[in-house]
Amino acid sequence: MLNLSKNKNKRKKAIAIVTAQVLFHMDPEVDSHQEVKELASILENRTDPVGTAYGWTSGDEVAKLIIEEGLDTIEFKSRISRYKGRRHLTEKKKNNNLKDNISDYLSKYCQKSKTYDGLIDQVQFFPDTTYKYFSDGIELNKENVIDLMKTFTEEEKVSILNDVNDKIAKSDENYELGNELEKYLKDIGDRYGIDCYIDDFERVNKHYYLIKVFIGNQGILTDFNGTFLELRSALVKEIELEAGDKVTCPYCGRKIIRFVAMNVIKNCDCGARIVVSNYRVTKGNAIYMRRRVSFRKPVKSD
Ligand SMILES: [Zn+2]
């Protein structure tokens, strides 16, 4: 049942809106320049319920309304053209999503290419992995991507090709930058005997990084707001912190970096044996396993 105002002007406007919504629902390509009689004949005898801004109705009910009370054709036409415009936008957005997702998928495995067909030629060498893209509800793999790639216009193909090449360039750049950072951290780590390596590195933009790095026994997974140099010095600080964590040999008083005592050496300079054992820590309801370093008295050689 429609809930229409008693106020004459409001009611007139509401009927135009309802008519536009029901007709657009029945046929998104509807021609809004038809006579009221012709519009009514499209609506007549259609009894399936349609939801509108003024409640549920049916084509048949709306046909009776516009025949009895007339139709504000200016309001009606402007509504229809607005709905068509909006639908056009949604479809464009859907298509853009598909384009984006295809470029994303291709850039994972392709080498840079001068032509769109050059990308297609590489698909046969892709692994059999399927990627699910939720933004357009599509799954992409080497079996279906070529057919989809052929559906685009020439203009769209050029934009996909450029996009894929840009993405490959960016991931090469991430790889280079990640390597550079790892080399730098390794050099500093080596001074202390602390292992450093980078598991994952992505430069999202000049001031935002995603990184997974191991410094000694610590795995650090983080996002970082700042420049590359700031990120680098933050990680160097972590190495220094790790290097500052020392254990003392009770027999000779030598201070040894905990990571080194646990992972690198077996004996202190004085001959004391270094033993690493596990122990439990209870915190609230959780139990954590920790590793402890202890020293065994050096055996006298004389
Ligand atoms: Zn010692």
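Every number here is computed from the coordinates shown, using simple stated rules; none is lab data. Given the structure is predicted, the values throughout are model-derived calculations rather than measurements. Note: ideal-geometry Cβ built from the backbone for every residue, glycine included; neighbour counts use all protein chains shown.
Rounded to whole Å and ordered largest first, report the semi-axes of the equivalent ellipsoid of region 246-296 derived from its Cα gyration tensor (root of 5λ).
Equivalent ellipsoid semi-axes, largest first: 25, 10, 9 Å.
Let's see if you can work this out: charge +1 on each Lys and Arg Cβ, -1 on each Asp and Glu Cβ, no other charges. What is the dipole magnitude of the chain about its Cα centre, in debye to the nearest 20?
2060
Please list, or write none, the aspartates and glutamates whose alpha carbon is within less than 14 Å of the alpha carbon of K112, excluding same-chain residues fewer than 8 places away.
D104, D121, D163, D166, D172, E173
Find how many whole Å separate the alpha carbon centroid of region 229-302 from the alpha carbon centroid of region 40-59.
Measuring centre to centre over Cα atoms gives 78 Å.
What is the pair-distance distribution P(r) of the chain, computed from all Cα-Cα distances in 10 Å bins starting at 0, with each bin given as a whole percent?
5, 16, 14, 13, 14, 13, 10, 7, 4, 2, 1, 0
Translational diffusion coefficient of region 172-244 at 25 °C, 0.890 mPa s, Stokes-Einstein with Kirkwood Rh over Cα pairs, in µm²/s as a whole number.
Here the translational diffusion coefficient equals 203 µm²/s.
Return the lysines within reach of K8: Cα separation strictly under 26 angstrom, same-chain partners fewer than 8 residues apart disregarded; answer none if there are no such residues.
K37, K64, K77
Past 20 Å, Cα to Cα, is the threshold; run K92/K150; K94/K170; K167/K206; K108/K186; K132/K170; K108/K206 against it and keep the listed order.
Result: K94/K170; K108/K186; K132/K170; K108/K206 exceed 20 Å.
Which net charge results when you count Lys and Arg as +1 and Asp and Glu as -1 among the other residues whose beta-carbon is under 14 Å from that of D136?
Net charge in that neighbourhood comes out at +1.
Which one, C268, Y54, T19, is farthest towards the positive end of the dipole of the chain when Lys and Arg carry +1 and Asp and Glu -1 on their Cβ?
Farthest towards the positive end: C268.
Give the longest segment of the chain that steers clear of GluC sites (Glu not before Pro) in DSSP loops with at most 16 neighbouring Cβ atoms within 10 Å, not counting the sites themselves.
With GluC sites (Glu not before Pro) excluded where exposed in loops, the chain gives 144-302 as its longest stretch.
Which whole-Hz ³J(HN,Hα) couplings does region 208-213 yield from phi under the Karplus relation 6.51 cos²θ - 1.76 cosθ + 1.60, θ = phi - 60°, glycine and proline marked x?
8, 10, 10, 8, 10, 9
Where does the Debye-calculated log10 I(q)/I(0) of region 110-167 sit at q = 0.13, 0.22, 0.24 Å⁻¹, using only Cα point scatterers of equal weight, no solvent?
Values returned for q = 0.13, 0.22, 0.24 Å⁻¹ are -0.33, -0.99, -1.15.
Using a Gaussian network for the chain with springs between C-alpha atoms less than 10 Å apart, which of these wobbles most: L65, L185, L106?
Per the Cα network of the chain with a 10 Å cutoff, L65 tops the list.
For the chain, list the cysteines whose Cβ sits under 4.7 Å from no other cysteine Cβ?
Taking the Cβ cut-off of 4.7 Å, the unpaired cysteines of the chain are C110, C196.
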